[in-house]
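The numbers here are math on the coordinates, done by the rules we state, and not lab data. Note that this is a predicted model, so its numbers are computed, not measured. Every residue, glycine as well, gets a Cβ built from its backbone with ideal geometry; the counts of neighbours run over all protein chains shown.
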Ligand code: PMV
């Protein structure tokens, strides 16, 4: 039976994706920018030609909803595919707002194409990963990646690409955890509710292209102060749009605000750092590598766990 294993790292968006212009194809309303992060990873093995479709996620059978999404992505590899067995392992908390779906679907498409003997370009892999989870389009690439909005109605130009390689800039991303439980509202449901009911959604979409252009420039120039301003602005505007939904989508907890205040305090003392938040209460903080330990020690006063992550490489097959 043809088998392949792939490993991918999650990514954290610096300029956010929130909202879809096409639900079925998972096409975004805005372009986004991210950093792929090691050592957190997902390892996925696909056996192409099993007795039945089967998903094993972290040693447990996947839920019906997880299985539906995973096998729908396998159908994209080959609509006449045989039955497949997918075994996937995350080495970090699933559904804690740490974008585990980004590494999961990136590893899945790479392993599934290899097991099926299908040769695809990185852009085609990114398009397929996007169908499983938008942010996964970016985890095909290492380092600094942009996911292009695209124009085509079939979505084939809405894929990620690398804007700077993994060794471009010696930074760290600190993942500050107060709450490792599953999130209350999925990013998919939260986006839909925001676009259907929030009076601020159109303002968010209108503001995103400028943030993306500034974010891209700041990454290329390795300007942490400029990137920090864009990161926090993008995160706050995204969260403002969802907080104004009806009913509101509110991922923040008191710990989120404490961590943000801690970052502001460090910045006032001359340590360049900036925070971002996704569809969960945990906070991520971007710092220069040389400051990572000092900033992590300070954040440990307000958090249960602080992980120090570094720029990670692209999704890859495990020999
Ligand atoms: O890829 P999804 O559908 O899980 O959505 C990701 C949404 C955010 O993490 C909040 C933003 C982003 O760009 O990753």
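Across all directions of projection, what mean area in square nanometres is found for the Cα convex hull of region 17-112?
6.8
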Rounded to 10°, Cα long-axis angle of helix 187-197 versus longest principal axis of the chain:
70
Which of rounded, prolate, oblate describes the chain, given a ≥ b ≥ c as roots of the alpha-carbon gyration tensor eigenvalues and a/c under 1.5 marking rounded, otherwise prolate only if a/b is larger than b/c?
prolate
Where labels lie 7 Å past Cα in the beta-carbon direction, separation of residue 154 and residue 64 in nm
3.4
The Rg/Rh figure for region 3-167, Cα atoms and Kirkwood Rh, to two decimals is 0.94
Please state the relative contact order of region 171-311 as a whole percent: Cα pairs under 8 Å, 6+ residues apart?
42
Quote to one decimal, in nm, the extra length available between residue 188 and residue 240 on full extension: 0.36 nm per residue of separation minus the C-alpha distance between them.
17.0 nm
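Considering the convex hull of the alpha carbon atoms of region 171-311, report its projected area averaged over all viewing directions, in nm², one decimal.
Value for region 171-311: 8.4 nm².
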With 10 angstrom as the radius, rank 40, 161, 105 by how many other C-beta atoms surround their C-beta, starting from the fewest.
161, 40, 105
May I ask for the angle, rounded to the nearest 10°, between helix 64-77 and the longest principal axis of the chain, with both axes built from Cα atoms and the value confined to 0 to 90°?
70
Please order 48, 147 by the number of other Cβ within 10 Å, starting at the fewest.
48, 147
Relative contact order of the chain (C-alpha contacts under 8 Å, at least 6 apart) in percent is 24
In degrees rounded to 10, the 0-90 angle between helix 100-116 Cα long axis and the longest Cα principal axis of the chain is 30
Could I have the simple spin-label model distance between residue 310 and residue 197, label points 7 Å from Cα toward Cβ, reported in nm to one decimal?
4.5
Using 0.36 nm per residue of separation minus the Cα-Cα distance, give me the extension gain between residue 1 and residue 217 in nm, one decimal.
73.1 nm
Full-extension gain between residue 56 and residue 72, please, as 0.36 nm times their residue separation minus the C-alpha to C-alpha distance.
4.2 nm
So how far apart, in nm, are the two label points at residue 289 and residue 269 if each is 7 Å from Cα heading toward Cβ?
2.3
For region 3-167, what relative contact order do you get, as a whole percent, if you take Cα pairs closer than 8 Å and at least 6 residues apart?
27
FRET efficiency for residue 121 and residue 80, Cβ-Cβ distance as r, R0 = 25 Å, nearest 0.05?
0.70
What order do you get for 121, 88 when you list them from fewest to most C-beta neighbours inside 10 Å?
121, 88
